[in-house]
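Read the figures in this text as sums done on the coordinates, not as results from a lab. Keep in mind that this is a model prediction, so the values were computed, not measured. Glycine also receives a Cβ, built like all others from the backbone with ideal geometry; neighbour counts cover every protein chain displayed.
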Amino acid sequence: MEVVGTLLDKLEFDTPRIFVRGVLEDSETGPLRDFIEKHRREVMDSGQLIVDFQDSTGIDSVPAVVLYGFFKELRRAGVRVRIENSPASVESIFESLAKFDSRGMEERRRSSFREVVEAFGSSGYEFAMMIVSLTRFLFETIGAFVQLIMHPLKIRWQMVLYYMEESGYKAIPIVAVLNWLLGVVLGYQAGYQMRVFGAETFMPALLGYSITWEIGPMLAAVLVAGRSGSAYAAEIGTMQVREEVDALRVMGFDTFSYLVTPKMMALLMVMPFLVLLANLSGIFGGLLAGTLFLGLPAETFISELGKALIPLDIIWGMLKSIVYAVIIANVGSFMGMKVRGGASAVGQATTAAVVLSIFMVILADALLSLLFVHIRPGLSM
Amino acid sequence: MKVEGLQGGWGEQLVLDDVSFSVEKGEIVAIVGKSGCGKSTLMQHLLGLVKPWRGRVVFRETDIWSSPEAMQRARRRWGVTFQSGALLGNLTVIENVKLPLKEYTDLTEDEIATVAYSKLDTVGLADFADSSPLEVSGGMQKRAGLARAMALDPEVLFFDEPSAGLDPVTSAHLDDLIRSINRSLGTTVVIVTHELASIFAISDRVIMLDAEAHGIIARGTARELRDSSGDSRVRAFFRREAAEEGKDS
Ligand SMILES: Nc1ncnc2c1ncn2[C@@H]1O[C@H](COP(=O)(O)OP(=O)(O)O)[C@@H](O)[C@H]1O
Ligand SMILES: [Mg+2]
């Protein structure tokens, strides 16, 4: 089939005509465009166009929309366009094109700059609302926690033990190894730079302080958030999807004391020890870096460290870890509880749980550091 | 049990408005309607999972929403079977059935086991006691959920879409089970479904919801609604059943 439009003998017709024969198919879109290009000027000048479907039985959507675009352009330029002898199938295609004519433009408008700004605004608003409901959640957990502390027989010890094993015991290797590695790296880098001033004997003090006050607790918290915060969100989220949480509620169980407080209690009990482990591993890494790379004998390292550190350094990290434990258990559980819908919502919840709990842990750390940095006397080197 | 002037929905979206009905002791009431008409929403309000905007859900002369204690008392006398069975995935089937018994009775371990196994036997699952809920079929999960719901001999049993996701034979089997529990124990049953076969098989009374009406558009027995409803929406809903019956005969 072809586009026959030899824009026509002006002797026979005073109006340019396009004849369409047979079915105007997809594959003829290219020739159609060329044809339009070629005759545009001519049609514009004559001020009229007739498209005659007399011998046609149909038109595919792609050439139709090209033709439709041409008509629109012509009409805008004041050219009269008439479609003649079109079969019902062709007519209905043009009708439906006309109906959805401005959709593309609307969509584009919707994704305009203003939309983007609005999206930012509303996601900021949503974030704020989420923090509000997270805070409410936290208070409920603490309420349930206090209740349980007053009635210790009601504590689900079996679950607490289970989570202590999952989140504490099983985290020991990764916490130890990563902190040790970081201790080696930090010790080496710090010592290497300080050696320029012949000050490498200060390395143990600096390393010990950095690890016990920041790196040990923080790395332990990040690892626990990644391992357990996500696991809590996934566990509770899956239970939401499978209606298990609703089932617990209609059986009269308090979902906080059943699902949330055992996790928080477990983390409260294991986190301080994970932090202690992180500190010791990190310091041990530093010691190794000293002896291996800096010629700093182990005895010197230990005595320097002993001079610098005070008991508060160890205790402080363990205290901070209590705050971290509350954050991680609650953010993980909260994200799980928020799950609605299907499996993909669970995936999003686990990601959100990790990101938000790390964010909150760092925020809490910053606040605590600002508030309490002065409680420690200066390093004595 | 009575529902009075209940209005409810999600966020800003009104789903149910001024819904009132009552359920008599020992009857099976089916709440029916097309998808999206608010059956699940109504169930959430009835079960005390989502607070209605307005209205009362009265059980034994008390609005369950009036206080946490009232809610707890009602829940103690209710059993709920969820669409998916909602068995706790980290426990075995029998542990799931034991759960309410452990929580609410002072029976010994052995007594709890005896009761739990007998409930599981009622639904024909005694052989699967030690399986994980995740490794038995969908129909079995629902039956196990039913056993758990029956653990404390509830006065009212609620079912959310018991037929969903089941083949017709399994679904009919579950219907028989519900009917026989209702007959032998006198348990009141409230069942949400859009499965016409179930509606005809087991319900004493039908309450039909509609999305546009935000509430009840018809009530009566299934046959009354099919044969003599003046409402075209009701007829349309039941017409498919007529077609199916024609096909069967
Ligand atoms: N968890 C929910 N959150 C928000 N909206 C919901 C939720 N469940 C149902 N809806 C909305 O409530 C309306 C009624 O749905 P639903 O009660 O699930 O109907 P049915 O169970 O009869 O199919 C629908 O418009 C649905 O989108
Ligand atoms: Mg539903």
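So how many residues does region B:18-60 have that are part of a strand (DSSP E or B) and within 16 Å of ligand 2 (Cβ to nearest atom)?
So the count comes out to 4.
Conditions first: (1) within 14 Å of chain A (Cβ to nearest Cβ); (2) more than 16 Å from ligand 1 (Cβ to nearest atom); (3) in contact (Cβ under 8 Å) with a residue 24 or more places away in the chain; (4) more than 15 Å from the chain's Cα centre (by Cα). Residue B:50 passes all but one, so which condition is the exception?
The single condition residue B:50 does not satisfy is (2).
Within region B:95-153, work out how many residues are part of a helix (DSSP H, G or I), among the polar types (S, T, N, Q) and farther than 18 Å from residue B:178 by Cα.
The total comes to 2.
If you go through region A:150-209 one residue at a time, how many are touching a Gly at 6+ places or on another chain (Cβ under 8 Å), closer than 16 Å to residue A:220 by Cα and surrounded by fewer than 18 Cβ atoms within 10 Å (Cβ to Cβ)?
1
Counting only residues that are in contact with a helix residue (DSSP H, G or I) (Cβ under 6 Å, 6 or more places away or on another chain) and more than 14 Å from every other protein chain (Cβ to nearest Cβ), how many does region B:94-114 have?
Residues flagged as in contact with a helix residue (DSSP H, G or I) (Cβ under 6 Å, 6 or more places away or on another chain) and more than 14 Å from every other protein chain (Cβ to nearest Cβ) within region B:94-114 amount to 2.
Could you go through region A:262-277 and let me know if any residue there is within 14 Å of chain B (Cβ to nearest Cβ) and either in contact with a helix residue (DSSP H, G or I) (Cβ under 7 Å, 6 or more places away or on another chain) or outside any loop (DSSP other than H, G, I, E, B) (or both).
Yes, some residue in region A:262-277 is within 14 Å of chain B (Cβ to nearest Cβ) and either in contact with a helix residue (DSSP H, G or I) (Cβ under 7 Å, 6 or more places away or on another chain) or outside any loop (DSSP other than H, G, I, E, B) (or both).
Condition (residue is in contact with a Gly (Cβ under 9 Å, 6 or more places away or on another chain), aliphatic (A, V, I, L, M) and either assigned to a strand (DSSP E or B) or within 24 Å of residue A:105 (Cβ to Cβ) (or both)) applied to region A:54-76: is it met by at least one residue?
No; the residues of region A:54-76 include none that is in contact with a Gly (Cβ under 9 Å, 6 or more places away or on another chain), aliphatic (A, V, I, L, M) and either assigned to a strand (DSSP E or B) or within 24 Å of residue A:105 (Cβ to Cβ) (or both).
For residue B:42, state whether it is away from chain A (no Cβ under 14 Å), within 16 Å of ligand 1 (Cβ to nearest atom) and touching a residue at least 60 places away in the same chain (Cβ under 8 Å).
Spelling it out, residue B:42 is indeed away from chain A (no Cβ under 14 Å), within 16 Å of ligand 1 (Cβ to nearest atom) and touching a residue at least 60 places away in the same chain (Cβ under 8 Å).
Taking the options B:74, B:151, name whichever one is under 30 Å from residue B:18 (Cβ atoms) and more than 16 Å from ligand 2 (Cβ to nearest atom).
Only one candidate passes the filter, namely B:74.
Just to be sure I understand, how many residues within region B:61-81 are more than 7 Å from chain A (Cβ to nearest Cβ) and without any contact (Cβ under 8 Å) to a residue 40 or more places away in the chain?
13
What do you reckon, is residue B:84 within 13 Å of another protein chain (Cβ to nearest Cβ), surrounded by fewer than 19 Cβ atoms within 10 Å (Cβ to Cβ) and small (Gly, Ala, Ser)?
It is false that residue B:84 is within 13 Å of another protein chain (Cβ to nearest Cβ), surrounded by fewer than 19 Cβ atoms within 10 Å (Cβ to Cβ) and small (Gly, Ala, Ser).
For the structure I just gave you, tell me whether residue A:67 is buried (at least 17 other Cβ atoms within 10 Å of the Cβ), closer than 30 Å to residue A:356 by Cβ and within 45 Å of the chain's Cα centre (by Cα).
So residue A:67 does not fit the description; no.
Answer yes if at least one residue in region B:116-128 is surrounded by 19 or more Cβ atoms within 10 Å (Cβ to Cβ) and either of a type in the set (Gly, Ala, Ser) or within 16 Å of ligand 1 (Cβ to nearest atom) (or both), and no otherwise.
There is at least one residue in region B:116-128 that is surrounded by 19 or more Cβ atoms within 10 Å (Cβ to Cβ) and either of a type in the set (Gly, Ala, Ser) or within 16 Å of ligand 1 (Cβ to nearest atom) (or both).
Contact list please: Cβ distance under 6 Å, first residue in region A:233-248 and within 15 Å of residue A:348 (Cβ to Cβ) and at the interface with chain B (Cβ under 9 Å from one of its Cβ atoms), second residue among the β-branched types (Val, Ile, Thr) and assigned to a helix (DSSP H, G or I), pairs at least six apart or on different chains.
Pairs that qualify, where the first residue is within 15 Å of residue A:348 (Cβ to Cβ) and at the interface with chain B (Cβ under 9 Å from one of its Cβ atoms) and the partner is among the β-branched types (Val, Ile, Thr) and assigned to a helix (DSSP H, G or I), are A:238/A:346.
Based on what the data block shows, is residue A:241 of a type in the set (Val, Ile, Thr) and over 21 Å from residue A:302 (Cα atoms)?
Taking the combined requirement at face value, the residue satisfies it.
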